[in-house]
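Before any comments, here is the structure.
Any read-out appearing in this document is the output of simple, stated calculations on the displayed coordinates, not a laboratory observation. Bear in mind the structure is a predicted one, so any value in this text is a computation, not a measurement. Cβ placement follows ideal geometry from the backbone for every residue including glycine, while neighbour counts extend to all protein chains displayed.
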Amino acid sequence: MRINRVLTTLFAAASLLLGITGISTVALAAVGTPAAQAAFPGGNAQIALANDRSGVAHIYGVNPDTGATTQLTDSPYPDSMPAWSPDGRHLAFMRTYSDTQAAIWTVNADGSDPTQLTTGFNDDGPQWSPDGTKILFQRIFAQTSRDIMVMNADGNDLTQASPSGLNYGPDWAPDSSRLLFTHFEGVITSKCKDSQCPSDDEIYVVNADGSGSTNVTNSHLSDDTSGRWSPDGAQIAFQSTRSQEYFEIFTMNADGTDVLQRGGTDKKNIDVNPVWSPDGTALVFMRGNVSSANKYELYTMNANGSGLKQLTDNKTYDGMPEWSPDGTKILFDRYVDSGYQYFTIDADGSNEKAVTGDGHDLQFGADWQPFVNGEPGAPGAPAVPR
């Protein structure tokens, strides 16, 4: 059995992915969504993932070519949400002690030197800054209160980067000076007509120290979520209900100007979770259909919305895609046999391959380690303070 915390996140995320205005508000009021974790450019090394095959979730490193597996964490408490440092030397992750308490930890790439960075709160979704000096995460205070926090990579100099309230889905700017996140500005109530609440999710950009917070979407009474910076920092891709009832993919300049819909305007489709390729030329995303809300497939398109291509056709849930560091492959999870399993696929849709051989992988629980200058942590990689 997966831990209650992860199950709760999955159910909330499933409601969010339906893309229906109002339902997303209810889902986000429950727990929000995990932080995005961008692939750092480089070659492709091992995949870190959370798997509970032993009865307790641990972090494992898996060679995607050979399937060779190394256990990287070993605790009586569940570990999940692994995130590699940009030099590939360290891994941040979340350790859950109860439904209301979790901490951010780090460990070396070989599993040595486990270090607890936060304590006494309910923290999840760690994400390294691209320069490797800081880690952001989400701190949960209540169902309607989540803050985006930033700390040094050694756990010191903790800063609240978001305004108080319901915040989620952060993503670092490529130069590490800023980050974006979604801030809920609607109304949450337990008695909404037909289970729908007034909804207003907005994307904010803020300096890493919490100053200069700016609403860059300003599309009130619609949902703008799942923002991702382009690799050059000039644009943001996101999903929005601003033009119809269901989510579509949009891009905009980093200051909120020049908002353009991408990927077609078929009102039968639900397009969510856009992710830039490492070279910024393409987006991978999830597409569902209003008549089959639990079925999602992976698609790619050029950054300008042209060249739409379907990658998977599994007649089930394929989701949460992430590019490999070199941009040649895509990592994703699939619902199989009442559980989740990670797969890789080439960027052209060929060569689909299972990463693990069971359905015990935790959703939102994988990240691809970069090779830098030929090996993780090679000379010339950004230094991560310890």
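For the ranges 112-122, 274-284, what's the packing order if you count other beta-carbon atoms within 10 Å of each residue, average per peptide, and put the highest first?
Per-residue Cβ counts within 10 Å, averaged per peptide and sorted highest first, yield 274-284, 112-122.
How long is the gain from residue 63 to residue 294 if the chain were fully straight, where each residue apart is worth 0.36 nm and the alpha carbon distance is subtracted?
80.2 nm
Would the range 4-371 count as rounded, prolate or oblate if I go by the C-alpha gyration tensor, calling it rounded below 1.5 in a/c and otherwise prolate when a/b exceeds b/c, oblate otherwise?
rounded
Of the options 276, 86, 116, report the single residue whose Cα projects farthest towards the positive end of the charge dipole of the range 4-371 (beta-carbon charges: Lys, Arg +1; Asp, Glu -1).
Comparing the listed Cα positions along the dipole, 276 ranks first.
If I stretch the segment between residue 152 and residue 314 completely, what's the gain in nm (0.36 nm per residue apart, minus their alpha carbon distance), one decimal?
Result: 54.2 nm gained on full extension.
What is the sum of charges, Lys and Arg at +1 and Asp and Glu at -1, for the other residues whose Cβ falls under 10 Å from the Cβ of residue 177?
Result for the neighbourhood of residue 177: -2.
Using Cα pairs under 8 angstrom and six or more residues apart, how large is the relative contact order of the range 4-371, in percent?
It rounds to 16 percent for the range 4-371.
Counting Lys +1, Arg +1, Asp -1, Glu -1, what net charge surrounds residue 103 among other residues with beta carbon under 12 Å of its beta carbon?
-1
Per residue of the range 331-338, in order, report the coupling 6.51 cos²θ - 1.76 cosθ + 1.60 (Karplus, θ = phi - 60°) as ³J(HN,Hα) in whole Hz, putting x for Gly and Pro.
So the J values, rounded to whole Hz, are 9, 8, 10, 10, 7, 9, 6, 6.
Taking the mean number of other Cβ atoms within 10 Å as a proxy for protection, how do you rank 252-263, 170-181 from highest to lowest?
170-181, 252-263
I'd like the distance between the alpha-carbon centres of the range 348-374 and the range 196-261, rounded to an integer number of Å.
Between the Cα centre of the range 348-374 and that of the range 196-261, the gap is 28 Å.
Provide the per-residue ³J(HN,Hα) series for the range 347-359, in order, calculated from phi with Karplus coefficients 6.51, -1.76, 1.60 and θ = phi - 60°, each as a whole number of Hz, with x at glycine and proline positions.
Calculated HN-Hα couplings, in order: 4, 8, x, 9, 6, 5, 8, 6, 7, 10, x, 9, x Hz.
Which whole-angstrom value gives the distance between the alpha carbon centres of the range 285-338 and the range 112-174?
The range 285-338 and the range 112-174 have Cα centres spaced 28 Å from each other.
Determine the gain in length on full extension of the stretch residue 351-residue 220; use 0.36 nm per residue of separation and subtract their C-alpha separation, reporting nm with one decimal.
Length gained, residue 351 through residue 220: 42.9 nm.
Hey, can you grab everything whose amide H is under 5 Å from the amide H of residue 329? Only 5+ residues off in sequence or another chain; H modelled, so Pro and N-termini drop out.
324, 347
Kirkwood hydrodynamic radius, computed over distinct alpha-carbon pairs, for the range 67-167: how many Å, to one decimal?
It is 13.9 Å.
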